[in-house]
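Have a look at the structure below, then the notes.
The values are calculated or read from the model by the stated rules, or taken from the named source; none is laboratory data. Predicted model only: the values in this text are computed from it and were never measured. Positions of Cβ are backbone-derived with ideal geometry, glycine not excepted, and every protein chain shown enters the neighbour counts. The area values use the complete protein model at the heavy-atom level, side chains included, leaving out ligands, DNA and RNA. Shrake-Rupley method; radii C 1.70, N 1.55, O 1.52, S 1.80 Å.
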Amino acid sequence: MSRVTIKDVSRAAGVAPSTVSRVMTGRGYVSEATRERVLLTIKELNFQPSSAARTLISGRTGTIALVLPDITNPFFPLLARGVEDAARAHGYMVLLCNTDGDHLQEQSYGKLLLEQRVDGVVLSAGSTKNRELWTRLAERLPLVVMDRRMEGAAVDVVLTDNAAGAREATAHLIHLGHRRIGHISGPPDLPTSRDRRLGYEQALRAAGLPVDPCLVKAGDFRY
């Protein structure tokens, strides 16, 4: 048995295909009598539009891209779960893009998302090198940056207070009696790394302790 199409529905209901589209999307004027006739026809024919057809009709894919720098970092699976739970609650699926902290891989995903149809992007950038690319994408799609600021870009951001967290962690060690406290930072070009080092140094200075550069080493947020 062949798949029922929107043209089959329009013929059976005696209306134009565009009228069926307006009924399905709720956009544009359709008289109540016509709307009821189309809906009844859809039910009688068991019409189920394909995902491609739904996209063409509504302009939406029901998909949100989630771009993460390292899915093996225990922080990001928890974050991804939160994104997925919220997306599912609103009828969206999540497409995961793991960049491994590689700015070239992140760039490839950014270019792909510029070409492919998604309804929005949630981004945790692993590099500051692709800011221009993400800014361009934000002009075409809803973009939310999380966990890491994108300096100089006019985008929505959801952040934790990294400076306060590092300050409290360092102050806790000082309270326990420690005086030589090391700090393993992330990549120095990331705002997250700079915020955490700032909080670390603020806690030392508040306790009257020197900031020893020999006790600070740059890492990459990996084990």
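Anything in the range 165-180 that is over 13 Å from residue 192 (Cβ atoms), assigned to a helix (DSSP H, G or I) and either touching a helix residue (DSSP H, G or I) at 6+ places or on another chain (Cβ under 7 Å) or at pLDDT below 90 (or both)? List them, or say none. Talk me through it step by step, then tell me what you get.
First, pick out the residues of the range 165-180 that are over 13 Å from residue 192 (Cβ atoms): 167-180.
Those still in the list that are assigned to a helix (DSSP H, G or I) too: 167-175.
Result: 167, 170, 171, 174.
With respect to the numbered conditions (1) in a helix (DSSP H, G or I); (2) surrounded by 13 or more Cβ atoms within 10 Å (Cβ to Cβ), which one is the sole condition not fulfilled by residue 220?
In the conditions (1) in a helix (DSSP H, G or I); (2) surrounded by 13 or more Cβ atoms within 10 Å (Cβ to Cβ), residue 220 misses (1) alone.
Residue by residue through the range 115-130, note down the ones that are under 15 Å from the mean Cα position of the chain (by Cα) and either basic (Lys, Arg) or at pLDDT 80 or above (or both).
Selection gives 117, 118, 119, 120, 121, 122, 123, 124, 125.
State yes or no: is residue 154 assigned to a loop (DSSP other than H, G, I, E, B), in contact with a Ser or Thr (Cβ under 9 Å, 6 or more places away or on another chain) and open to solvent by 90 Å² or more (accessible area, probe 1.4 Å)? Outline the logic, then answer.
Working: assigned to a loop (DSSP other than H, G, I, E, B): yes; in contact with a Ser or Thr (Cβ under 9 Å, 6 or more places away or on another chain): yes; open to solvent by 90 Å² or more (accessible area, probe 1.4 Å): yes.
For residue 154, the condition - assigned to a loop (DSSP other than H, G, I, E, B), in contact with a Ser or Thr (Cβ under 9 Å, 6 or more places away or on another chain) and open to solvent by 90 Å² or more (accessible area, probe 1.4 Å) - is met.
Can you find a residue that is within 30 Å of residue 18 (Cβ to Cβ), modelled with pLDDT of 80 or more and assigned to a helix (DSSP H, G or I) anywhere in the range 44-52?
Yes.
Could you list, in sequence order, all residues of the range 85-111 that are in a helix (DSSP H, G or I), in contact (Cβ under 8 Å) with a residue 12 or more places away in the chain and not aromatic (Phe, Trp, Tyr)? Step through it out loud before you land on a result.
As a first pass, look at the range 85-111 and keep what is in a helix (DSSP H, G or I): 85-89, 103-111.
The next check asks that each one be in contact (Cβ under 8 Å) with a residue 12 or more places away in the chain; those that pass are 87, 103, 106-107, 109-111.
Answer for the range 85-111, where residues must be in a helix (DSSP H, G or I), in contact (Cβ under 8 Å) with a residue 12 or more places away in the chain and not aromatic (Phe, Trp, Tyr): 87, 103, 106, 107, 110, 111.
Residue 140: open to solvent by 20 Å² or more (accessible area, probe 1.4 Å), in contact with a strand residue (DSSP E or B) (Cβ under 9 Å, 6 or more places away or on another chain) and either outside any strand (DSSP E or B) or under 20 Å from residue 94 (Cα atoms) (or both), yes or no?
Numbers: open to solvent by 20 Å² or more (accessible area, probe 1.4 Å): yes; in contact with a strand residue (DSSP E or B) (Cβ under 9 Å, 6 or more places away or on another chain): no; either outside any strand (DSSP E or B) or under 20 Å from residue 94 (Cα atoms) (or both): yes.
Spelling it out, it is not the case that residue 140 is open to solvent by 20 Å² or more (accessible area, probe 1.4 Å), in contact with a strand residue (DSSP E or B) (Cβ under 9 Å, 6 or more places away or on another chain) and either outside any strand (DSSP E or B) or under 20 Å from residue 94 (Cα atoms) (or both).
State whether the residues of the range 5-26 include one that is open to solvent by less than 40 Å² (accessible area, probe 1.4 Å), of a type in the set (A, V, I, L, M), modelled with pLDDT of 85 or more and outside any helix (DSSP H, G or I).
yes
Could you check the range 77-107 and list, in sequence order, the residues that are at pLDDT 90 or above, polar (S, T, N, Q) and within 18 Å of residue 135 (Cβ to Cβ)?
99
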